[in-house]
Every structure is written in C-alpha cells, then in structure tokens.
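The values are calculated or read from the model by the stated rules, or taken from the named source; none is laboratory data. Computed from a predicted model, the values in this text were never measured in an experiment. Using ideal geometry, Cβ is built from the backbone for each residue, glycine included, and neighbour counts are taken over all protein chains shown. For accessibility, only protein heavy atoms count, side chains too; no ligands or nucleic acids. Shrake-Rupley method; radii C 1.70, N 1.55, O 1.52, S 1.80 Å.
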Amino acid sequence: MYPWRANYAIQLFRPGGGGLLGGVQLVFHKDQKNSSFFAASDEGELFQVDWGVKPTEENAKPDMITNLWSSERALRSCVALDRSPFFDDIILTVFDFHFCIWRTDIEVPIFSSMIIQGAHITCGAFSPSRPGVVIVGRSDGYLNVWDFVDQSHKYIIHQNVASVGLSALRFHETMVNILAVGDMLGNLHVLELPKSLCKKIGSEEATIAEFWRREVERVRYVDKRWNVRTEDLKKKKAEQEKLEAAESKKEAAKKDENEMSDDEKEEQEYAAFVKQYIEEQIEGKLPPPQPGNAKGAKR
C-alpha cells in the first residue's frame, strides 16, 4: 500500500526570531506563476510566504516570510481566507465574529465588518463574478451576503440554508450562479443565486476599486491623526507635569516658611515665659491691665 506523505515541506518561523509560525489557512492565485502565496496563522495573523527561497552557506534557514500583518492577532485563528479574483492586492480574512479586507501595502485592514451577534462566522469567500460581493456562513445555518456597491455597514441578505451550522462554501468554477454549502452534519446544499448577485452592476469593478482607494485614504488619515493626537497628548502631559512640579515646589517652599517644628515652638514659648518672669519678678513691672479691670481700678 502506497504511503501518503508530503513531497515538499517547509518550516515557518516568525520574523525577527519570534519562534515558530503555525498556519491554518492558505490561498494561491488562480493563475499565479511564482512561488509566493498568502496564509493565515493560528493566531489570526495574515502573512505572505515565498517558498522558493533557497538556503545559502551564510543562512541555512532562510526567512520565507516576506510580509506579516499582525494587527488582528488574537487568541483565535482565522476561519477562512480568500483572495479577490479582481484585485491581486486585496485579501479577505474571516474571523469568528467579523471579517477584514486587506490591501497588501497597508499594515492594517482597510475594512472591518460589523460584529456578528447571535452566532459566529464559520466560512466566507469573495464572489467570483462580482467584485463587491462577500458571502459568509454562520453557525446558526444562515448565509450573510455583503454588497459594497449597495452598502458597507451591514449585509444586504440574511438567508437561512440549514437548521445546523454551516461549515464550508464554494462557488462553481464555470457556473458562477451555483454555490455549494456544507453544514455541520455533512450535508451538501447546492444553491442557485439570483442574477443580481452574479452579474456586475454597471462599471462595478471601477466603482469597487475607487471604494478600496477611499478606504485606504481613510486608514492613512486615521493613522496620521492618531500620531498627531498622540504627540499633542504627550506635549500637554509634559506641560501639565511641569506646572504641577513648579506648583508643588512653590507650595513646599511656602510651607517651609510658615511652619515651624515642635522644638522651635517650644523654644519661643520658653523665651516668652522667661521674658515675662524677668519683667514681673525682677524688674517689678506689672502686666498691662485688661480693659475691664482698668475700668474697675479707676472707680
């Protein structure tokens, strides 16, 4: 019996000596002719691998990780990974309660979906025929269809497919209106999608390209404003600390001038007692009369 084993294997390491990097999803370009592919780690990171890198005499373990996007790193792994069939630099990562869309030259997602409530996401993919459509399957047996030409803050279709959770979905390679969906019990559901989800709407590819461009500008603007606000906060904090230090120093000096120690108070009281004793007992001076007593003495 022929033993099944891999013909080729690579060991992945985190860049910068961070240890091993485990993968759970990978995706190739349909017509790619190079040795590079995208993958998702067991901690939710997106990374790019070039398995054509060869070891050299100087480096016996070459770094095959060419890019690593770690802003979505978490305790849970990515449940689905896909690459846009219309834009080579657009990647989809699907997590338990949301999905992200990345552009490969940006370190953070250019789009993050709303948080799904009442269930968690189990699978997802780009539409092969419409640049602006993403479909995700859920643990409650529903499909959610997102159409970015229509709206981006929420899905446009919430369709029940099975009474149990969905586990996988795949489009037919030539019949783009056919979607195969598997559920947790091993059942296969073949769905025929409406024409509105299969046929491009006008110049949809150009519209979605412009949408991604605006999202990139938004991300860059937020990052720029974040850096500006961070610097402003640091300056305000430094000025506040400087004012507080000066005020504290001023109060401490004033307190030193006004407050006397217990020994100094006792010494002043003793000096006043000695002076009064000398005046009354030795020099014979009487203490000054009180206002009430002076009136009585006059009478």
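Taking one quarter of the surface of the C-alpha convex hull of the chain gives a mean projected area of 38.6 nm².
Where the centroid of each part is defined by its Cα atoms, how far is the stretch 218-257 from the stretch 41-104 in Å? When both Cα centres are located, 40 Å separates them.
Computed from the Cβ-Cβ distance with R0 of 45 Å, the FRET efficiency linking His172 to Thr56 stands at 0.50. Around Val161, under 13 Å between beta carbons, what's the net of Lys plus Arg minus Asp minus Glu among the other residues? It works out to a net charge of -2. Ranking Ser203, Trp226, Val216 by Cα position along the charge dipole of the stretch 197-239, where only Lys, Arg, Asp and Glu carry charges on their C-beta atoms, puts Trp226 farthest toward the positive end.
Surface composition of the stretch 1-127: carbon and sulfur make up 52 percent of the accessible area, probe 1.4 Å.
Over the chain, accessible surface divided per residue gives 68 Å², non-protein components excluded, 1.4 Å probe. In the stretch 168-260, the portion of solvent-accessible area held by carbon and sulfur atoms comes to 54 percent [1.4 Å probe, whole percent, DNA, RNA and ligands not counted]. Only helical runs count toward this figure. For the chain, summing -39,500 (n - 2.57) over DSSP H runs of n ≥ 4 and dividing by all residues gives -9500 deg cm²/dmol at 222 nm. Considering only Arg213, Arg103, Arg83, the mean-square fluctuation computed in a Gaussian network model of the chain, springs between alpha carbons under 10 angstrom, is largest for Arg213. Just the Cα atoms of the stretch 110-259, one point each, no solvent: what log10 I(q)/I(0) does Debye give at q = 0.22 Å⁻¹? So the normalised log intensities are -1.33.
Taking all protein chains as shown and a probe of 1.4 angstrom, Lys242 keeps an accessible surface of around 150 Å².
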